[in-house]
Amino acid sequence: IRFNDLCLSGELWTYLADLNEQAQNRLDCIIAHMKEVEGITEELKVQDQMAWVGAMNSIRSRAEEIILSEMIFA
């Protein structure tokens, strides 16, 4: 019903853009928090790039799953 209302009123793209912005802001916040908690620093990036990339990929994947469950599938 919500989808039909947004399509018929012409507000779908505005709604989706707003949702995308909220999701991106939340993702940035979650990633920053996870980096701090797990001790992923720029120093690690300089010392061991592969470990840093692996840790960041893991953090990003987990953060995206949180966003999907909180904002998209809820």
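Surface composition of the chain: carbon and sulfur make up 57 percent of the accessible area, probe 1.4 Å. For the chain, the normalised intensity computed at q = 0.14, 0.16, 0.26, 0.28 Å⁻¹ comes to -0.57, -0.66, -1.12, -1.19 (log10 of I(q)/I(0), Debye sum over alpha carbons, equal scatterers, no solvent).
Take the chain with all the other protein chains still there, run a 1.4 Å probe, and you get 77 Å² of accessible area per residue.
Would you mind counting up the charge near ILE59? Only other residues with Cβ under 9 Å from its Cβ, with Lys and Arg at +1 and Asp and Glu at -1. Every neighbour counted, the sum reads +2.
The values are calculated or read from the model by the stated rules, or taken from the named source; none is laboratory data. Keep in mind that what you see is a predicted model, and the values were worked out from it rather than measured. No Cβ is skipped: glycine too gets one built from the backbone with ideal geometry, and neighbour counts run over all protein chains shown. We work out accessible area using only protein heavy atoms, side chains counted, and drop any ligands, DNA or RNA first. Shrake-Rupley method; radii C 1.70, N 1.55, O 1.52, S 1.80 Å.
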